[in-house]
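Asker: Handing you this structure, nothing more for now.
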Amino acid sequence: MRTDTHTDVLIVGAGPTGLALGVDLARRGVDALVVEKAGKLFPGSRGKGIQPRTMEVFDDLGVLDAIHAAGGGYPVGMVWQDGKQVGEHQMFDPAEATEDSPYNAPWMVPQWRTQQILAARLTELGGEVAFGRELTGLTQDGEGVTARFTDGEDIRARYLVAADGGRSAVRRALGIGMTGETVDPQPMLVADVRLTGLDRDHWHVFPPSAEGDGFLAICPLAGTEDFQVAAQLPADTAVDVSPDGIRKVVAARSHLDPSDVTEVRWASDFRPRMALADRFREERVFLAGDAAHVHSPAGGQGLNTSVQDAYNLGWKLGAVLRGGVSATLLDTYEEERRPIAADMLGLSASVHRGETRRGDATRQLGLGYRDSSLTRETRAAATGVRAGDRAPDGLLGGTRLFDAFRGPHWTLVAVGSEAPEVPEAIKVVQGDAQASYGTGLFLVRPDGYVGWAGETADGLGEYMARLGL
């Protein structure tokens, strides 16, 4: 374990957000340390749905093969009543994989397994997680941040990122408030269990009873022998997360016997709510993931929005710390991510209330930064992809674009236009036609969004100079 007390970036929290950021910084050669107050990685399934846009992020971070191997697609819902199967329920609107969007549906991987995969990738890149480090306070000055811990050993960092969850100690230490509301007054019981009596080909749904009991859902967790139990309980209920309490709920709301639940591996209770931090930055400290926004689990937006926070912040920290770019670039993190988080909170709440289906919006492929101060669209009548949009996949000049994008660099995509001379650090892909892009020049950011677009190279040099390219 590292014993030094200085680092470029201190990441507080070893959940999906902190680990993804650690991976992104490590591949950029940024000295970063992830600290976690617990003695090990989170053990539960909680955020089990990985949306197509996050699959693209994981492709770039070098963990997609492991994610694919560890999980599987979502099963069809099976509705039960009085111990009998009464019909299937489609949980997601179908979508076909296309050349520009090769990942078309959510992929199920229990959160504990996703974190193991990210932690292994972090180790492979030379990073690590320091467990048992509980933050007690922090101070800032013009040069950096000093974080204090229960073990008495301070850590000094140039920047600190709070990825320590909805009850973020960092956010509280900064005095940053959260604005939100309870999405549902009824608490939820969630548990990972082993059980018998149900097949693993369906997501088993037991609707609320006439007596007023809430729903019960039992989902086989892909890549494991476990099932995730989710039960809605009456308002003001004290949730019993003991094995006997979980067996009682399962038996009361299904045809299963208590003894059919053979093992409880993890259990938790929560009250679905949505909340957004009043700001995502305080000088040299940034909030990311649940520390910045708390979602209902419906629709699977929380983990995905969080990983994409890390993806947005990672390349910017790398550019400032290793690329010599002005620190004003970091101002764009909150500018770009807070509106996205606000929109995703509204979407999560809408799905939770049954107002919106799980479909195009929840896949997160349509999100972008057209209004960002980092975005420059110079074409008068742009067709296809615009500056600020996600850069689609596809073939151009015999090269798969996602293969060209993979890595911490910028990429210039020239479609039906001659690519100008650019620095060697920028990868160039060019060809005569690409249906998704239309015609023109597209400078793709390290996080896979088009930063600049034009019919000619006029203005490209000025844009590159601003970004230290």
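Rundown of residues vs (1) closer than 30 Å to Val294 by Cα; (2) surrounded by fewer than 20 Cβ atoms within 10 Å (Cβ to Cβ), yes/no style:
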site: Gly214; (1), (2): yes, no
site: Cys219; (1), (2): yes, no
site: Asp244; (1), (2): yes, yes
site: Thr262; (1), (2): no, yes
site: Trp266; (1), (2): yes, yes
site: Asp269; (1), (2): yes, yes
site: Ala275; (1), (2): yes, yes
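Asker: Got a sec? Which strands (runs of 3 or more DSSP E) wholly within the stretch 258-301 have at least 2 residues that are more than 27 Å from Gly137 (Cα to Cα) and either touching a helix residue (DSSP H, G or I) at 6+ places or on another chain (Cβ under 9 Å) or modelled with pLDDT of 95 or more (or both)?
Answerer: Working: elements: 261-270, 273-277, 285-287.
Filter on the stretch 258-301 gives 261-270.
The rows are residues; the columns are (1) over 30 Å from Leu365 (Cα atoms); (2) over 19 Å from the mean Cα position of the chain (by Cα).
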| site | (1), (2) |
| --- | --- |
| Gln90 | no, yes |
| Met108 | no, no |
| Ala130 | yes, yes |
| Gly152 | yes, yes |
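Asker: Please specify each residue of the stretch 246-265 satisfying the condition of being in contact (Cβ under 8 Å) with a residue 40 or more places away in the chain and out of contact with any Phe, Trp or Tyr (no Cβ under 8 Å at 6 or more places or on another chain). Break it down into steps so the answer makes sense when it comes.
Answerer: Applying the first criterion (in contact (Cβ under 8 Å) with a residue 40 or more places away in the chain) to the stretch 246-265 yields 246, 249-250, 253-257, 260-265.
Result: Ile246, Val249, Val250, Leu256, Asp257, Asp260, Val261, Thr262, Glu263, Val264, Arg265.
Asker: While we're on this one: I'm trying to understand the selection: among the residues of the stretch 384-406, which are of a type outside the set (D, E, K, R), within 23 Å of the chain's Cα centre (by Cα) and open to solvent by less than 20 Å² (accessible area, probe 1.4 Å)? Working first, answer last.
Answerer: Applying the first criterion (of a type outside the set (D, E, K, R)) to the stretch 384-406 yields 384-385, 387-388, 391-392, 394-399, 401-402, 404-405.
After this cut, where a residue has to be within 23 Å of the chain's Cα centre (by Cα) as well, the list is 387-388, 391-392, 401-402, 404-405.
Residues satisfying the conditions are Ala387, Gly388, Ala391, Pro392, Leu401, Phe402, Ala404.
Asker: Go through (1) among the aliphatic types (A, V, I, L, M); (2) free of Cβ contacts under 8 Å to residues at least 60 places away in the same chain; (3) within 23 Å of Pro106 (Cβ to Cβ); (4) in a loop (DSSP other than H, G, I, E, B) for Ala210 and report which single condition fails.
Answerer: Ala210 satisfies all of (1) among the aliphatic types (A, V, I, L, M); (2) free of Cβ contacts under 8 Å to residues at least 60 places away in the same chain; (3) within 23 Å of Pro106 (Cβ to Cβ); (4) in a loop (DSSP other than H, G, I, E, B) except (3).
Asker: For the stretch 348-370, give me each residue that is at pLDDT below 70, open to solvent by 20 Å² or more (accessible area, probe 1.4 Å) and closer than 24 Å to Pro102 by Cβ.
Answerer: Arg357, Arg358, Asp360, Ala361
Asker: Among (1) open to solvent by less than 50 Å² (accessible area, probe 1.4 Å); (2) over 25 Å from Arg28 (Cα atoms); (3) not hydroxyl-bearing (Ser, Thr, Tyr), where does Gly144 come up short?
Answerer: Looking at each condition in turn, Gly144 falls short on (2).
Asker: Can you name the residue in the stretch 408-420 that is open to solvent by 10 Å² or more (accessible area, probe 1.4 Å) and within 26 Å of Gly29 (Cβ to Cβ) and is also nearest to the chain's Cα centre (by Cα) among such residues? Even if it seems obvious, please write down each step before you answer.
Answerer: Step one: filter the stretch 408-420 for residues open to solvent by 10 Å² or more (accessible area, probe 1.4 Å), giving 408-410, 416-420.
Then drop every residue that is not within 26 Å of Gly29 (Cβ to Cβ), which leaves 408-410.
Values: Pro408: 18, His409: 21, Trp410: 22 Å.
Restricting to residues being open to solvent by 10 Å² or more (accessible area, probe 1.4 Å) and within 26 Å of Gly29 (Cβ to Cβ), the top hit is Pro408.
Asker: Given the structure, is Arg338 open to solvent by 20 Å² or more (accessible area, probe 1.4 Å) and modelled with pLDDT of 90 or more? It would help to see each step written out before you state the result.
Answerer: Values: open to solvent by 20 Å² or more (accessible area, probe 1.4 Å): yes; modelled with pLDDT of 90 or more: yes.
Judged against the criteria, Arg338 is a match.
Asker: If only one of Asp65, Asp60 is among the charged types (D, E, K, R) and in contact (Cβ under 8 Å) with a residue 40 or more places away in the chain, which one is it? Don't jump to the end; show me each part of the working.
Answerer: On the way: Asp65 fails: in contact (Cβ under 8 Å) with a residue 40 or more places away in the chain.
Just one listed residue meets the conditions, Asp60.
The values are calculated or read from the model by the stated rules, or taken from the named source; none is laboratory data. Since the model is a prediction, treat every value here as computed from it, not as a measurement. Here Cβ is always computed from backbone atoms with ideal geometry, including for glycine, and neighbour counts include all displayed protein chains. The accessibility values were calculated without ligands, DNA or RNA, using every heavy atom of the protein model including side chains. Shrake-Rupley method; radii C 1.70, N 1.55, O 1.52, S 1.80 Å.
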